[in-house]
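What follows is a short report on a single structure.
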Amino acid sequence: MTLSELKSADSTLALLRDPYRFVSRRAAELGAHVFETRLLLRRTTCMTGAEAARVFYDPTRFQRDGAAPPPLQKTLFGQGGVQGLDGEHHRQRKALFLQINHPNRVEALAEAVTQEWERAVADWMAAGQIDLYPQVQLLLTRAVCAWAGVPLPQAAVETRTRQLTALFDDAGDIGLGHLRSRAARKAAERWAADVIEQIRSGQLSVPDLSAASVIANYQEPDGQPMSPRIAAVELLNVLRPTVATAVYITFVGHALDANPDWRERLASGDQGEDRAFIEEVRRHYPFFPAVTAIVRHDFEWQGHRFPKGRRALLDLYGTNHDPRVWEEPSRFNPERFLDEEPDAFAFVPQGGGDPAVHHRCPGEPISTRLMDVALDQLARRMSYSPLEPGRSVDFGRLPALPGGGYPVRLLGAGDR
Ligand code: HEM
């Protein structure tokens, strides 16, 4: 076995044990940014760093059709959605998400989330003590459904929150959690397809610019609407990751506790540095470990052969911590975002490149704006004390979270 080839070893267990750091650690051991191994019994080329990201996002070299591991298609992604499309078909479907996430619509969602947050604080104060992560899931589900034109009766809030959460929070599990996530995918697709059919038949009337309306009325390149099932997958591609922003919001809380000087600075500031803090949360903390693609045609890069059909995996967490780009990468330091725009292939918490062209997440304006709302609430408006402020992040969990969640005790309303 050459140093850069670990062909005989299947690294699935090593990856599951340390999903965020497996690739960068192995790459560092090998002194390479590309290496081969086997994952889920399939030969896979692992890549890490900004230069590798630039190659990975070149659509002449890589395609996404057939790239997602089947267990994730049955849970996190669903089948037939934008994630697996290529070329013109991908660009057109992607435009749908950029329309849904138009800046005016992002502001409308931020307002809905702020209202839900303020309502929730009153309940949290009555309860005295809460775990922020599940509570934020609930309020985000309420807000995003109202915003997206998806009816959500009060009695269904908990069930739908649980289902949307299981799509991302249980998807990386290999045991019971995986089965829960598969069941949630089936139930959530039935629910979303039903909403699409009701809009199309005129039984349900929703605002024109809402996500449900835009998706229900979207026409594929052949002039046909998407099937209700695929439309459901795309509607869930809006609802699920918006609720998943609860993970980043939990990390905003964790980062404020871990960096009291920054809490102080933000609390007394004019919000001008909020975004730098949020970007550093997205760089520093682990969330989405990696993305996959398939080699389109044989090519070579940095002396490494990429044969047609090979699955490649780009390490997002490791790229965000690459010491060639980031000074003291493991230090939480929002100042690195104060003056400079990060490079689109070096800062990749939600994928790299241009969201209109590449597979980069179209939801960054939503997740960052909802993190703004949360930061404002946590640093300036709410009065609370974390019950376990020193808890370290559990890197073995997918998605990673502070071990044991993020319990807080409400002390009273702040300066609202
Ligand atoms: C919670 C924070 C979020 C994280 C960590 C996240 C992360 C990601 C990542 C890593 C990708 C894959 C990029 C790639 O394949 O190259 C992605 C794609 C995607 N995200 Fe997000 N995302 C988040 C929020 C959102 C939101 C709020 C939305 C929509 C409202 C959204 C919709 C999508 C869609 C539709 C894709 C597929 C894009 C494509 O294949 O072209 N995401 N996201």
Going 7 Å from the Cα of residue 107 toward and past its Cβ, which residues in the range 356-372 have a backbone nitrogen under 19 Å from where you end up?
364-372
Mind checking the full-extension length gain between residue 29 and residue 388? Use 0.36 nm per residue of separation minus the Cα-Cα distance, one decimal, nm.
125.8 nm
Over the chain, with a Gaussian network built from C-alpha contacts below 10 Å, which listed residue (291, 252, 233) shows the highest mean-square fluctuation?
291
Counting each DSSP H run of 4 or more residues in the chain as -39500 (n - 2.57), what helix-only mean residue ellipticity at 222 nm follows after dividing by all residues, to the nearest 500 deg cm²/dmol?
-14500 deg cm²/dmol
Under the 7 Å Cα-to-Cβ spin-label approximation, residue 209 and residue 270 lie apart by a distance in nanometres of 2.8
Gyration tensor (alpha-carbon) shape descriptor, the chain, a/c threshold 1.5:
oblate
Rounded, prolate or oblate (a/c below 1.5 giving rounded, otherwise prolate when a/b exceeds b/c) for the range 261-416 by Cα gyration tensor:
prolate
If the chain between residue 16 and residue 91 were fully stretched, how many nm would it gain, using 0.36 nm times the residue separation less the Cα-Cα distance?
23.8 nm
If amide hydrogens are placed 1.01 Å from N in the peptide plane, which non-local residues have theirs closer than 5 Å to the one on residue 44?
37, 38, 39
Tell me, how many Å apart are the Cα centres for the range 83-145 and for the range 222-286?
9
For the range 359-416, what class follows from the C-alpha gyration tensor (a ≥ b ≥ c being the square roots of its eigenvalues): rounded when a/c is under 1.5, otherwise prolate if a/b is larger than b/c, else oblate?
oblate
Proportion of all alpha-carbon pairs of the range 1-107 beyond 22 Å (%)
48
R0 = 35 Å: FRET efficiency of residue 42 with residue 98, Cβ-based, nearest 0.05?
0.60
Counting only protein heavy atoms and a 1.4 Å probe, tell me what percentage of the chain's accessible area is made up of carbon and sulfur.
51
Low-density loop positions, GluC sites (Glu not before Pro), the range 313-388 - DSSP coil, at most 13 other Cβ in 10 Å
327, 340
So how strong a dipole does the chain carry about its Cα centre when Lys and Arg Cβ are +1 and Asp and Glu Cβ are -1, to the nearest 20 debye?
1520
3J(HN,Hα) from dihedral phi, the range 305-316, Karplus parametrisation 6.51/-1.76/1.60, rounded to Hz, x for glycine, proline
8, 10, x, 3, x, 5, 7, 10, 10, 9, 7, 6
Which residues does the label zone of residue 299 cover in the range 46-71, counting backbone N under 16 Å from a point 7 Å along Cα→Cβ?
46-48, 50-65
Let me cross-check residue 336: its accessible surface, 1.4 Å probe, with only protein heavy atoms counted, in Å² to the nearest 10?
50
Can you sort 308, 74, 94 by 1.4 Å-probe accessible area, starting with the largest?
308, 74, 94
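The values are calculated or read from the model by the stated rules, or taken from the named source; none is laboratory data. These figures come from a predicted structure and were not determined experimentally. Because the Cβ atoms are built from the backbone with ideal geometry, glycine has one as well, and the counts that use them run over all protein chains shown. These accessible areas exclude ligands, DNA and RNA; they are computed on the full protein's heavy atoms, side chains included. Shrake-Rupley method; radii C 1.70, N 1.55, O 1.52, S 1.80 Å.
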